[in-house]
Amino acid sequence: MNSIKDRAALIAEAAKQMNKEVYNDSQVKKNITPRHELQRNCGKVVTLEEAIRKTGLKDGMTISFHHHFRGGDKVINMVVAKLAEMGFKNLTLASSSLIDVHEPLIEHIKNGVITQLHTSGLRGNLATEVSHGLMEKPVIFRSHGSRGYAIKSGELHIDVAFLGASSCDPLGNAAGYSTSENAKSICGSLGYALPDAKYADHTVILTDDLVDYPNQHSAISEADVEYVVVVDSVGDSSKISSGAIRDTKNPRDILLAKQAAKVVMNSGYFENGFSLQTGSGGASLAVTKYLRQGMIDKGIKASFALGGITSHMVKLHQEGLIGRLIDVQSFDKVAAESLMNDPMHKSVSANEYAAMLEPGSATHFLDVVILSALEVDVNFNVNVLVGSDGIIRGAIGGHPDTAQDSALSVIVCPLLRGRIPCVVDEVTTLITPGSNVDVVVTEYGIAVNPNRPEIKERLVAAGLKVVDIHDLAAKARSIIGNPAPLPFGDKVVGVVLNRDGSVQDVIKNIVG
Amino acid sequence: MEIKTAMAGTLESGDIFIQIAPNDNAGLHIDLDSTVAYQFGDQIKKVITETLQGLGIDQAEVKATDKGALDCTIRARVTAAAVRATGKDVWAD
């Protein structure tokens, strides 16, 4: 006597004790729609306007974006134009970075649609206007690693994330590439968008290729996605590899890259199993090319390369010189396609890439990083954000993250750019503290941080031209003369946060 | 000194493009457009003025489009433009 009917009283009692309902079979009806049709009619696929309404976005909230399409991005301008049309005001825009192409934001800021920015960088006319005092509230600048961690910790709370993807299925499984025959765009890694997708209150994917479920090897999981919006184009992939990440043909950049490669090879860290990263900027990206020959000659293989992955890195990986590629951002189409096709090329979220407080951050296991700079000063402090004319024109990126976490950080920069000195007495804005910068390579010689006497010894022994950084600054001054002081005003237009969340510097407005 | 319209230099980075024309009013009038105007605008105007005065030109309209040229470059371009404007070859003797 133990049928389910006999147990009814006990079931009811268990339900009561657990404060639950008793299962009622008559309420359950199977959905018999063919599944191919069902996914096409999935309620997640809506228009942009519907997505905005359904997320419950309100004035004063925070929206977020990624910048994986760099100069080719179409999502930010499209979404903000729609928000303006729908009458939203007083929004905070938190993008992983902002570039020249985001110039239309100027009008949305003037009209009160956007009243604060969080970003890693600013360029073009938007940056110039901000530097002249466009906004009431200062722009908050974070490195890529700190942005990821700020989103995870809740310090940077995102209400709605609008994330572009090159493929997405109707359930929200999204990737930065598409294996379908209708692929329209490719950006590769979605590393900067992953914290947003995971921790934002609401996540909307915009895609230009709605593919059949399941979109396998997706970067963003359907579990984190509420709505999917199909648009004509999320970005122009041909414009990813432009601007700060162009492939250089400049002979001075090539000279700097060759010198930097010699520094790496003689630093004491050039051993089998070392790990490597190169930052944006023509000279630093080109270093990989010149390290390659040294690796072949000495039979040295790298365990992994990190960061913005380039076609040069992919080439070394395919030749067996680099074991794995860890990709937070694909710097060109070759890298993006490698991520799609090569299981040893994996994407990583901004948080796991470079957050200071994330124990497993890849940067913690990085031997050598090559980085560029707008300015380096005699205390080895680096500025990559604000030009020598006081106008914002760059991005923090992963600069402070990788410089601090790596065993050896090498900065490549020319002594002068035109009449602008790159080695100065004091940087215009402090981005990477000198305590984290080990070597500065210029065409007039190599300066080594006094904190690293052993590196200096090794470079001198290798016959490299090691000079005092004060002499480089003096040399620059002797060529260009003394610049007049910049016309800074009293308004704070930008706040630079350190990786630990503390306030490290402020940027003042430029008058005139 | 009588001058004609003349020019020298390029718009390449690190160079300066100098255009000289007659000025109906007394004195030198310099219209400067420079990528480093904040830091070096006054210095560039000073070098142009001193170079022209050194060549005996006290009255001219000068348009200078600077792409971060060093002082030596500015002097060379201004001198070349002045030689073309006056027809007087300062390098001849």
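The values are calculated or read from the model by the stated rules, or taken from the named source; none is laboratory data. Note that the coordinates shown come from a computational prediction; the quantities given were computed from them, not determined experimentally. Cβ atoms come from the backbone with ideal geometry, glycine included; neighbour counts cover every protein chain shown.
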**Request:** Taking A:K475 as the residue in question, decide whether it is without any contact (Cβ under 8 Å) to a residue 24 or more places away in the chain and either more than 27 Å from B:F40 (Cα to Cα) or in the same structural domain as A:D367 (by TED's automatic domain parsing) (or both).
**Result:** no
**Complete:** Conditions (1) within 12 Å of chain A (Cβ to nearest Cβ); (2) surrounded by 20 or more Cβ atoms within 10 Å (Cβ to Cβ) -> B:A81 fails only (1)
**Request:** Those residues that are in contact with a helix residue (DSSP H, G or I) (Cβ under 7 Å, 6 or more places away or on another chain), hydroxyl-bearing (S, T, Y) and not in a loop (DSSP other than H, G, I, E, B), I need them from the range A:175-232; list them, please.
**Result:** A:Y192, A:Y199, A:T203, A:Y227
**Prompt:** Taking into account only those residues within the range A:406-434 that are within 21 Å of the chain's Cα centre (by Cα) and crowded, with 24+ Cβ neighbours inside 10 Å, which is farthest from A:G279 (Cα to Cα)?
**Reply:** A:T429
**Message:** Here are the criteria: (1) touching a residue at least 40 places away in the same chain (Cβ under 8 Å); (2) within 14 Å of chain B (Cβ to nearest Cβ). Tell me which single one A:P400 does not satisfy.
**Reply:** (2)
**Message:** Contact list please: Cβ distance under 8 Å, first residue in the range A:255-275 and assigned by TED's automatic domain parsing to the domain that holds A:L366 and assigned to a helix (DSSP H, G or I), second residue at pLDDT 95 or above and of a type in the set (F, W, Y), pairs at least six apart or on different chains.
**Reply:** A:V264/A:F270
**Asked** Just for the range B:16-28: of the residues that are surrounded by fewer than 21 Cβ atoms within 10 Å (Cβ to Cβ) and under 18 Å from B:V83 (Cα atoms), which one is farthest from the other protein chains (Cβ to nearest Cβ)?
**Response** B:P22
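Just checking: which of the helices (runs of 4 or more DSSP H) contained wholly in the range A:9-96 hold 1 or more residues that are in the same structural domain as A:N173 (by TED's automatic domain parsing) and closer than 23 Å to A:A193 by Cα? Outline the logic, then answer.
Details: elements: A:35-40, A:48-55, A:75-85.
Output list reads A:48-55, A:75-85.
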**Complete:** Within the range B:41-71, the residues that are within 13 Å of chain A (Cβ to nearest Cβ), of a type in the set (A, V, I, L, M) and not in a helix (DSSP H, G or I) are B:A69, B:L70
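Can you tell me which residues in the range B:11-40 are assigned to a loop (DSSP other than H, G, I, E, B) and in contact (Cβ under 8 Å) with a residue 60 or more places away in the chain? Steps first, please.
Taking the range B:11-40 first, the residues assigned to a loop (DSSP other than H, G, I, E, B) are B:11-15, B:22-27, B:35-36.
Within the range B:11-40, B:D15 is the sole residue that qualifies.
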**Request:** Under 8 Å between Cβ atoms, at least 6 apart or on separate chains: pull out the pairs that start in the range A:445-460 with a residue that is more than 16 Å from A:V378 (Cβ to Cβ) and among the charged types (D, E, K, R) and end on any residue that is buried (at least 19 other Cβ atoms within 10 Å of the Cβ) and at pLDDT below 95.
**Result:** none
**Request:** Please specify each residue of the range A:375-397 satisfying the condition of being within 14 Å of another protein chain (Cβ to nearest Cβ), over 24 Å from the mean Cα position of the chain (by Cα) and not in a loop (DSSP other than H, G, I, E, B).
**Result:** none
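Just checking: which of the strands (runs of 3 or more DSSP E) contained wholly in the range A:416-512 hold 1 or more residues that are within 14 Å of chain B (Cβ to nearest Cβ)? Quick ask: steps written out before the conclusion?
Details: elements: A:439-442, A:445-448, A:488-497, A:503-510.
Fully inside the range A:416-512 and qualifying: A:488-497, A:503-510.
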**Request:** Run A:V441 past the list (1) within 18 Å of A:G268 (Cα to Cα); (2) under 24 Å from the mean Cα position of the chain (by Cα) and report the number of the one that doesn't hold.
**Result:** (2)
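Can you tell me how many residues within the range A:298-315 are surrounded by fewer than 23 Cβ atoms within 10 Å (Cβ to Cβ) and over 18 Å from A:T363 (Cβ atoms)? Full working, then the answer.
Residues of the range A:298-315 that are surrounded by fewer than 23 Cβ atoms within 10 Å (Cβ to Cβ), as a first pass: A:298-301, A:303-304, A:311, A:315.
When the remaining residues are screened for being over 18 Å from A:T363 (Cβ atoms), the result is A:298-301, A:311, A:315.
Here the count works out to 6.
So that you can scan it fast, the table gives a plain yes or no per residue for (1) out of contact with any helix residue (DSSP H, G or I) (no Cβ under 9 Å at 6 or more places or on another chain); (2) under 23 Å from A:V437 (Cβ atoms):
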{"position": "A:K258", "(1), (2)": "no, yes"}
{"position": "A:G268", "(1), (2)": "no, yes"}
{"position": "A:R292", "(1), (2)": "no, no"}
{"position": "A:G299", "(1), (2)": "yes, no"}
{"position": "A:S303", "(1), (2)": "no, no"}
{"position": "A:G308", "(1), (2)": "no, yes"}
{"position": "A:V314", "(1), (2)": "no, no"}
{"position": "A:H317", "(1), (2)": "no, no"}
{"position": "A:F331", "(1), (2)": "no, yes"}
**Request:** Confirm whether A:D100 is touching a strand residue (DSSP E or B) at 6+ places or on another chain (Cβ under 7 Å) and either surrounded by fewer than 19 Cβ atoms within 10 Å (Cβ to Cβ) or assigned by TED's automatic domain parsing to the domain that holds A:A165 (or both).
**Result:** no
**Prompt:** Can you name the number of the only condition in (1) surrounded by 11 or more Cβ atoms within 10 Å (Cβ to Cβ); (2) touching a residue at least 12 places away in the same chain (Cβ under 8 Å) that A:H36 fails?
**Reply:** (1)
